[in-house]
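Accompanying notes for the structure given below.
The values are calculated or read from the model by the stated rules, or taken from the named source; none is laboratory data. Quick caveat, the model's predicted, so the values are computed rather than measured. Please note: Cβ atoms are built from the backbone with ideal geometry, for glycine as well, and neighbour counts cover all protein chains shown. Ligands, DNA and RNA are stripped out before the accessible areas are found, and what is left, the full protein with its side chains, is counted by its heavy atoms. Shrake-Rupley method; radii C 1.70, N 1.55, O 1.52, S 1.80 Å.
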Amino acid sequence: MTAELLDELDRIAAQAPARIDACASPEEVEALRVEYVGTKGSITRINKLLREVPADQRPGLGKRVGEVRSLVLQKLQEAGQKFQVEEGARRQKIDITLPGRTFLLGRRHPLTIALDRITSIFSDMGFTVADGPEIESEYYNFEALNMPPDHPARDMTDTYYVTPRWPLRSQTSPVQVREMEKRRPPVRIIVPGKVYRNEDVSARAMNQFFQVEGLYVDRNVTFADLKGTLETFCKRFFDPKTRVRFRPSYFPFTEPSTEVDVSCILCNGSGCRVCKYAGWLEILGAGMVDPNVFGFVDYDPEEYTGFAFGMGIDRTTMMRYGVDDIRHFWENDMRFLSQFE
Amino acid sequence: MRISLGWLNDFFPTDGLSAANIADRLTASGIEATPIGTLIPGDSLVIGEVLTCEKHPNADRLSVCGVTTGGAPMTIVCGAPNVAAGQKVVIAPVGTELANGMRIKRAAIRGVTSEGMICAEDEIGLGDDHEGIMVLPPDAPTGMSFLKYLHLDSERLELELTPNRPDAMSHRGVARDLCALFGRPTTNPITSPEENGRPVEEITSVLIDDPEGCPRYVARVVEGVRIAPSPEWLAGRLRQVGVRPINNVVDVTNYVLMAIGHPLHAFDLHRLAGRRIVVRAAERDERFTTLDGTERIIPEGSVFICDGERPVALGGIMGGLNSEITDDTTDVLLEAAYFTPTRIRRTAKAVGLQTEASQRFERGADWDAVIEAIDWAAALIQQLAGGSVAKGRIDAYPKRLEPAAITLRWAQIPRVLGADVPREESKRILTALGIPVRAETSEGLRCEQPSWRPDLTREIDLVEEIARIWGFDQIPSRVGGVGVPPEEAPPELAIVPQLRSWCIGVGLQEVITSSLVAPRYADLFCGDGAKVEITNFSTADMSVLRTHMLPSLLDVARINYSRKIEGVALFELGHVYSRKAEDEYNQRRVLSILLTGSTGQVRWADQRREWDFYDLSGIAETIVQRCSLRSPEIVHYDGDEFVPGTGARVLVAGKEVGQLGQVRNDVCELFDLPALAYYCQFDVIGLAACQATLSRVKPLPRFPAVERDLALVVPESVESQMLENTIKEAGGALLERVIVFDVYRGPGVSKGEKSVAFHLDFRAADRTLKDEEVDTFMRRIVESAQGKAGARLRE
C-alpha cells in the first residue's frame, strides 16, 4: 500500500505543476486546489491514510506527503497571485460620478459664525471671554453705568422689565461692572451675549439680538489704544483695506465716547443702498471708561484708565451676506441656515 | 432736529461753506448732521400772473390760461375751479419735479398744448389743500422764485443729537460748535424791546411755591398787541424747521425757541385770574386740559403754572387751553423759566407728552438764557404785533443755580487721549465754545461751566470737548502698547465652542431661537423655578422668558415642516430662565438637541429612514464620551417631556448631566409634527464639571487579544447595560472590551425573551493568554449572568 501511495504522490508531483500552470482563470485554480488539497482532495486523502500504514513506513511516506503538498500549495499560490495581478490591472466598470454615501456634517448658525470670529480676533489680542445674566438688576444695567434714575440716556433704549427694579439687560455693558467688581486691574475681557430691546418685530428689527462688549482697564490705557485695538479688529474682521473712522458721540458710561464707522463693506465707500449713500457703516460704540463708573467698582480713576466698546452683530451679519429680513436668523429655516459655511 | 443754513447765518458766518462742509465737520465733532436740501424741492417754481383765462374748447372742467412769468406769455391748461384772470399764482414750468415726484412735461391736454402747471398747495408740498390752486397776494412779484418769496430757499441739515447736548437743540447752539470748529467769531442778532409801557409790577406778579421744580421764572408783559398771521420771513423759517406757523405772538415764542433754544410760553393776560402767576407742585389726581385739547390726569409733583385760581400751564411741557393766545388777545404775559430736569422728565413720561419744551427742559435748559429769550421775544412781538412792552421784567429766582468750577490739569489730556493737544489750542477750543477760563497756571486751567452745558461739570468732560473739536483723527493709533497675560475663560464658557463643534461633527444644525416665548410654551413643562414674565411686552407671544428649550426647538421643526422640510436634526446652546425667589433670578445654559422626521439621507446609496431613539442616545453618548472621556450611564427617568418608558437620565460618574427621550405624542401634536421626535438636553455647567483631559497614554499592546463571542438569552425585561456591567464585573481585569453586536428575537428564542450577543476581547499586558485561561473567565461570566440576570447561553 505504501508503494502505491508513493506512486500516486509521484504522479501528482509530476502532473500538478503543469496542470496548475495551464489554468486560465482563478476558478480553474480553485478547482485544482479542491482536487489536490481540499478536504476530500487526493493529497488530503493520502495524508489520512497514513494512520493505516505500518509504523516503520510512516515517517518516510509522511515526509513525501509533506513535500508534495508544499509543492502543490506553492504552485497554487503562484497561480493565484498571477490572476490577482491581472485582475487589478484590468479596467473596472464603475460609475465614478454616482454621488457617494452622504456624511452630513452640521453647521453653525450664522450669528454664531460672526460671534466666534469676533471673539477669536479679540482673544488673539489678549481678551478673555466673560459672561453675565440677562435678567439684570437696574443697578448694573443703568445705575452703575452712570445712568441714575430719570437720566435722559435711559430713553436711548426701550427696555423690557420683569419687575420695576429688574430689566432684561438692554446692553452687555453691565458685565463690565460685574467683572471689575470681581478683580483688580488689569482687566481685559470680551463679552458676547444676548440683549433685549422692547421693539416691535419687523424685517428690520428684532426684540433681542447679540452684542459683543469689550473692556480693557489698566494703568496707561489711552484713547490711542482704543483706536489701535478697534482699527486692528475692523481690518481683520472686514478687510485689510477697510477704512475706519472715529466720530465723537455720547454714552453715559464712557467719556470721551466715539462711534466707529467702517468704509461700506459692499461699495467700499463709494455709496450704495446699504450704507444709504454715505459710504460709511456704523458698527461700534466705544469710549474711555467714565471715572464715575470706576467710582462704582472702587477703582481709583487717578491710577487707572480704560476703554470699553460694544457692537451689535445682527445688522452687520445682515449687511455682510445681504440678508434682507432679520427674522430669518430667528426662524431657522434649514434652507437658509444650510447656506452658511 | 432740523436747522436751516440761512437761519444759522444769523449766529455764525457761513459764507464760503456748503451744507456738506458744515455737515461733515459737525458729524466729525459729535453732532451727526445730514444735508436734506430745501423744505420743498423745485428751485424752478416761479410766481406768475394769469393774464387770460378761458374755458377749454373740448372739456367743461378745464380752463386754458395765458400766463406770464415775466417773459412771453405761455399757455397752461388748468383744472382748478378757482383759477381766474388777474391772479398771482405759482407756476411749475416744464422740467420741474414736484414734491410728490411728478415731473412736469409739455403735454397736449384734450388738444391744447400746456406748457406747465399752476400749482395747488399739496402739489408743492406746502400743505394738504387741493381745493384749488394757491392764489398769492396781488403784490407778489411776478417772475420771482417762489421758494425765495416764501423764504424757503435755504438748505437745511437734519441733526441727530445725543441726549447730553440739549444746548445744541437750537441754531445758536450749533453755531457755537461751528465757531470753535472753523475758528470764526459768533454773531448776535438778538434785540431788546423798547420798554414803552407801564412798570410790569403794576400789571402782574409771580410767586414760586415750588422752587425745587422751578428755580427761576421770568415774566414780561406786552399790552395792546394785534394778533395776525406772521410775515413770510418768519413763517418761512419756522416751516423750514418743521414748526407750523399759528399767529404772530405764538410764532415769536417758537422762533426764539428754535433760534436760541429756550422754550417760552405766551399767556393771554386777561384770561389769567388775578392777572398773576403762581408756580406750585401738582397735588394728587389733579386734572388739566392742555392746549392740544386733551384732558389729562396730572401726576403728583408735576410743576403747575397757575393764575390766581387754577392751573394755566403744565410747566415746562405744554400750556393750557384755558389761557392760550386767541385772535382776540390784546395783552400778553410772556414766560421764560428754568425747570428742574428730573421733574419735567417724570411728568412728560407719565403723561406721554414729548414737546419741544419738555425735550429741552428734561435734558437741561440754559438757566441764564431766560433773560435774552424773553427780551428778544418781547422785542419781536413789539415789531410784528405792535403794542407796548411793560417796563422791566419780573425775575423770580428763589433758588440760584451755580455753575460748576472745573479744574483741568494739562497732564490729564495725554493721560486719557494718548496724544498731547497743544495747550494754546486746548485753551482756544474751550474759549471758543464759550467755556470761561478763570485762571491759568503751569498745571492747567480753572474753568467755569457755561449755563447752557449741563454736561460739563468735570475735568474729563473738558478733555472730551478738547478731543472732539481738535479731532479724533488727530489722535494716533497704538497697538500692543501694554500687555496683559491672557487668562483662561471659566470652564463653563470655554466648553461652549467645543460642545458646538462636537454637535456639528455628529451632523446637527445649530439654531438660535427667541428666549421670549408665549406663556403656553413656558407652561408646558416644569422649569427650574417660577417662570419670569415681562411686564411691558408688546406681543403676548413673546412675553415670558423660556423655562425649557424643548418648545423652542419643536417650533423650529414646526416651521420647517410647514415649508415641506420633513426632518431636522438640531441643536441650540441657549439659556432657560427662572425666578428662584423675590429678586433672585436664574439663567442656566443648556445644550439641547432635537431629532425628528427623515434623516435626510436620501441618495441612492443611503438607507432612507427616520431618526430614532438610538440616533439620539448615540449622539448623547458621543458628546459625553468626548467631554468626559468615559461612557455615560443611562437610567430610567419619568420626565414630563417624554413618552413613559423612553425617558432617561444621563449620568457621568453618578452625576446627572442631562436627560433624553422620545417626546410625548400630545406635545408633538401641539407643534403639528407628523413624525416622532427625540429630545436631549445637557446642563452645560454639568458637562463642564465632568470634563476630563487625557493625562497619560496607555502603551500599545504587545500581545494579541483573545476574542470570544457570547450570546445570552434573557427575559425581555433585562436591559443590556445591566448585562454588560455583569459581564465586566465577572470578566476580571483582563477583559479589555465588551461590545453588544446583536440583539435577536425570533426562531430559536422563545417569546418574552431575547438574545443579546456580546463580543469580548481579553488581553494580558505581559503574555499571550491561553485558551484555557479565557475559558475560565467565560465560565465565570456565564455563571454570573445566570445568577444575576437569569441568562442562559444561546445554543
For B:Ile435, residues with placed amide H under 5 Å, excluding near neighbours: none
Using a 7 Å offset from the Cα along the Cα-to-Cβ direction at both A:Asn220 and B:Ala84, what is the distance between the two label points in nm, to one decimal? 8.6
Modelling each spin label as a point 7 Å along the Cα-to-Cβ direction, I'd like the A:Lys40/A:Gln81 distance in nm, to one decimal. 3.2
Once you keep just the Cα pairs under 8 angstrom separated by 6 or more residues, what percentage relative contact order results for the stretch B:405-474? 39
Can you give the local net charge around A:Thr159? Use residues other than it whose beta-carbon is closer than 11 angstrom to its beta-carbon, Lys and Arg +1, Asp and Glu -1. -2
Would you please give the FRET efficiency between B:Glu201 and B:Glu160, computed as 1/(1 + (r/R0)^6) with r the Cβ-Cβ distance and R0 = 51 Å, to the nearest 0.05? 0.70
Can you pull the one-decimal nm distance between simple spin-label points at A:Asp200 and B:Asp368, each 7 Å off the Cα toward Cβ? 4.6
Which lysines does B:Lys88 reach when only Cα atoms under 28 Å apart count, and residues fewer than 8 places away in its own chain are ignored? B:Lys55, B:Lys105, B:Lys148
Given charges of +1 on the Cβ of Lys and Arg and -1 on the Cβ of Asp and Glu, with all other atoms neutral, how large is the dipole of the stretch B:405-474 about its Cα centre, in debye to the nearest 20? 140
Tell me the total accessible area that B and A bury against each other, 1.4 angstrom probe, in square angstrom rounded to 100. 7400
Return the loop-located trypsin sites (Lys or Arg not before Pro) in the stretch B:73-111 (DSSP other than H, G, I, E, B) with at most 12 other Cβ atoms within 10 Å of their own Cβ; answer none if there are none. B:Lys105, B:Arg106, B:Arg110
Gap in Å between the Cα centre of the stretch B:281-336 and the Cα centre of the stretch A:257-325? 43
So what are the ³J(HN,Hα) numbers for the stretch A:268-284, from phi and the Karplus equation (6.51, -1.76, 1.60; θ = phi - 60°), rounded to whole Hz, Gly and Pro as x? 6, x, 7, x, 8, 5, 5, 8, 6, 6, 8, x, 10, 10, 7, 10, 9
Going down the table (A:Lys194/A:Lys241; B:Lys754/B:Lys788; A:Lys40/A:Lys75), which pairs top 21 Å between alpha carbons? A:Lys194/A:Lys241
Cβ neighbours within 10 Å from other chains - mean over A:193-206: 2
Compare A:Arg327, A:Arg197, A:Arg91 in a GNM of chain A, Cα atoms joined below 10 Å, and give the one with the largest fluctuation. A:Arg91
Per residue, how many Å² of accessible area does the protein assembly as shown show with a 1.4 Å probe? 45
Under 10 Å, Cα contacts only: if you run a Gaussian network model on chain A, which one of A:Glu255, A:Glu303, A:Glu282 comes out with the highest mean-square fluctuation? A:Glu303
Can you list the residues of the stretch A:223-263 whose accessible area drops by at least 40 Å² going from the chain on its own to the full set of protein chains, with a 1.4 Å probe? A:Phe223, A:Ala224, A:Asp225, A:Lys227, A:Arg247, A:Pro248, A:Tyr250, A:Glu255, A:Pro256
Non-local amide H neighbours of B:Ala677 (under 5 Å, H modeled in plane, Pro and chain starts lacking H): which ones? B:Val663
For B:Arg110 and B:Asp606 in the same chain, what is the full-extension length gain: residue separation times 0.36 nm, less their Cα-Cα distance, in nm? 171.2 nm
Comparing A:Val212, A:Val274, A:Val37 in a Gaussian network model of chain A (Cα, 10 Å), the one with the largest mean-square fluctuation is A:Val37
First select every other residue whose beta carbon is under 12 angstrom from the beta carbon of B:Met778; then total the charges, Lys and Arg +1, Asp and Glu -1. -4
Taking amide H positions as placed 1.01 Å from N in the peptide plane, with prolines and chain starts having none, which residues 5 or more places from A:Asn332, or on another chain, fall under 5 Å of its amide H? none
Taking θ as phi - 60°, what are the ³J(HN,Hα) couplings along the stretch B:652-668 by the Karplus curve (6.51, -1.76, 1.60), each to the nearest whole Hz, with x for Gly and Pro? 10, 6, x, 9, 6, 10, x, 9, 8, x, 8, 5, 3, 4, 5, 6, 4
Candidate cut points under trypsin sites (Lys or Arg not before Pro) in the stretch B:271-330, DSSP loop plus at most 13 other Cβ atoms within 10 Å of their own Cβ, are B:Arg284
Compute the angle between helix A:110-124 and the longest alpha-carbon principal axis of chain A, please, reported from 0 to 90 degrees and rounded to the nearest 10. 80
For the stretch B:561-642, listing chymotrypsin sites (Phe, Trp or Tyr not before Pro) in a DSSP loop whose Cβ sees at most 11 other Cβ atoms within 10 Å gives B:Trp604
Applying the Karplus parametrisation 6.51 cos²θ - 1.76 cosθ + 1.60 with θ = phi - 60° to the phi angles of the stretch B:85-90, what ³J(HN,Hα) value in whole Hz is obtained for each residue in order, glycine and proline being reported as x? 5, x, 6, 9, 9, 9
Dipole magnitude of the protein assembly as shown about its Cα centre (Cβ charges: Lys, Arg +1; Asp, Glu -1), debye to nearest 20: 3400
Between the stretch B:176-254 and the stretch A:31-76, the Cα center-to-center distance that results, in Å: 128
